[in-house]
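The block underneath contains the structure these notes are about, expressed in structure tokens.
Throughout, read-outs are computed from the coordinates displayed, never taken from laboratory work. If you're wondering where the values come from, they're calculated on a predicted model, not measured in any experiment. Cβ placement follows ideal geometry from the backbone for every residue including glycine, while neighbour counts extend to all protein chains displayed.
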Amino acid sequence: MTHPQEQRRKHAIARYLAGEKIDVICRDLHCAKSWLYKWKARYQADDPEWAQSVSTQPQHKPSQLPQRMQQRVV
């Protein structure tokens with residue numbers, strides 16, 4: 001099952017690829033142009049998962065103490 005936001009992204013890009021103007025798509029979907037440009041940049045025809053959200057959480061936390069040091073403090 002696909003998330004409703006993914007369907008919205010795919011629908012917007014399909015309309016863009018069909019030749020509709022970005023202004024019209026954004027007005028109809030009540031979204032910002034920056035939102036559409038973001039998903040346009042992420043669109044990849046050969047990747048069916050392009051419309052999925054990507055976590056913005058950092059993968060690495062350089063300021064975090066190592067687990068061993070945390071245990072010593074506790």
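If only residues of the range 1-19 that are assigned to a helix (DSSP H, G or I) and among the small types (Gly, Ala, Ser) are counted, the one that is farthest from the chain's Cα centre (by Cα) is Ala14.
Name the residue that is nearest to Gln7 (Cα to Cα), counting only residues in the range 39-55 that are exposed (fewer than 13 other Cβ atoms within 10 Å of the Cβ) and under 9 Å from the mean Cα position of the chain (by Cα).
Looking at the filtered set, the residue picked out is Ser53.
Out of all the residues in the range 26-42, is one or more in contact with a His (Cβ under 9 Å, 6 or more places away or on another chain) and either at negative phi or not acidic (Asp, Glu) (or both)? Yes: the range 26-42 contains one or more residues that are in contact with a His (Cβ under 9 Å, 6 or more places away or on another chain) and either at negative phi or not acidic (Asp, Glu) (or both). Give me the pairs: first residue in the range 16-38 and within 17 Å of Trp50 (Cβ to Cβ) and touching a residue at least 24 places away in the same chain (Cβ under 8 Å), second residue among the hydroxyl-bearing types (Ser, Thr, Tyr) and assigned to a helix (DSSP H, G or I), beta-carbon distance under 9 Å, and six or more apart or on different chains, which are they? If the second residue must be among the hydroxyl-bearing types (Ser, Thr, Tyr) and assigned to a helix (DSSP H, G or I), the pairs left are Leu36/Tyr16. Residue count for the range 20-74, restricted to those that are closer than 15 Å to Lys10 by Cβ and in a loop (DSSP other than H, G, I, E, B): 13.
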